[in-house]
Amino acid sequence: MRLQENENLEEAARAVLKHLGELKRPHLTAFEEELLSFLEKKSSLPG
């Protein structure tokens, strides 16, 4: 499942993902990578 399609994702997380998807560069910064990794881990946790 794609992260953005996760029904349990909070609005703030959706906004972050939207922003990352709109970046006009082909790579993420180290901070952006960490943020994405954090969201992926949190979205896979039950509850």
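The values are calculated or read from the model by the stated rules, or taken from the named source; none is laboratory data. Just so we're clear, the structure is a prediction, and the values are computed from it rather than from any experiment.
Taken over the stretch 1-24, the residue count meeting the criterion of being outside any helix (DSSP H, G or I) and modelled with pLDDT of 90 or more is 2. Being at pLDDT 90 or above and part of a loop (DSSP other than H, G, I, E, B): is that true of HIS27 here? Here the answer is yes, as HIS27 does meet what is asked.
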